[in-house]
Amino acid sequence: MLLSKNSYLRKQRYSSLNRRKSKSRLFQYLMLVLPLILLWGYKEIKSQLEPPQAILVLGGSTKREKFAAQFARKHPDIPIWVSGGTPKDYAEGVFTDAGIDLSRLHLDYRAVDTVTNFTTLVDEFQSQGINKIYLITSDYHMRRARVIGSIVLGSRGMEFQPVPVPSERSPEPVEKVLRDGARALLWLTTGRTGASLPSLGNREP
């Protein structure tokens, strides 16, 4: 009986010791992870509080430019870039009709596809100290644009806030997203976008 009681007490002490060790390890893990959680939370809060400094419109649809012109009226103090959009006279007319001062408007026609929409302008944004932008494109196109933007803009420490233009089209297939994501990574590592390669080039908006 005494042996059984001693065995029980040893098990209790062993179990208690294990619980204390587990709590100690958990505390150590929390001390390691907590600073990372706090840093992530700080960056998220800062990102939410810091307003975008520019508007980027991806060309490919007159509807995007008309939407952007109305959107720009609600954000009167920031510049607007339209990449690969409609001809100059038409684009300027759209923004003039919306009451936008053309000194805010920058029309850039170097892009030939979605990847180059970003790669042709990222250095200009960086040189002007722009760290965050509103990204305007059609809702069906936004998934691909977000992947490319995360890679290209993110490589310069820039952030963006998606502003989708409503449409009645279905989202683009995942294959397009993966293909252009790979092209953005190609640009990141080699400085080339693959736009000139028939198998990779994509002149779709």
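Coordinate-derived values only; no laboratory data. Source: prediction; values computed, not measured. Positions of Cβ are generated from backbone atoms using ideal geometry, with glycine treated the same way; all protein chains shown enter the neighbour counts.
Details
- Base-10 log of normalised Debye intensity for the range 85-156 (one unit scatterer per alpha-carbon) at q = 0.13, 0.28 Å⁻¹: -0.44, -1.31
- Between LEU102 and ALA182, the contour length at 0.36 nm per residue exceeds the Cα-Cα span by 25.2 nm.
- Classification of the range 60-205 by its C-alpha gyration tensor yields a prolate form. The axis ratio a/c (a ≥ b ≥ c) is 1.5 or more, and a/b outweighs b/c.
- Convex hull volume of the C-alpha atoms in the range 150-197, normalised per residue: 98 Å³.
- The modelled label-to-label distance between LYS63 and THR190, using points 7 Å beyond Cα along the C-beta direction, is 3.5 nm.
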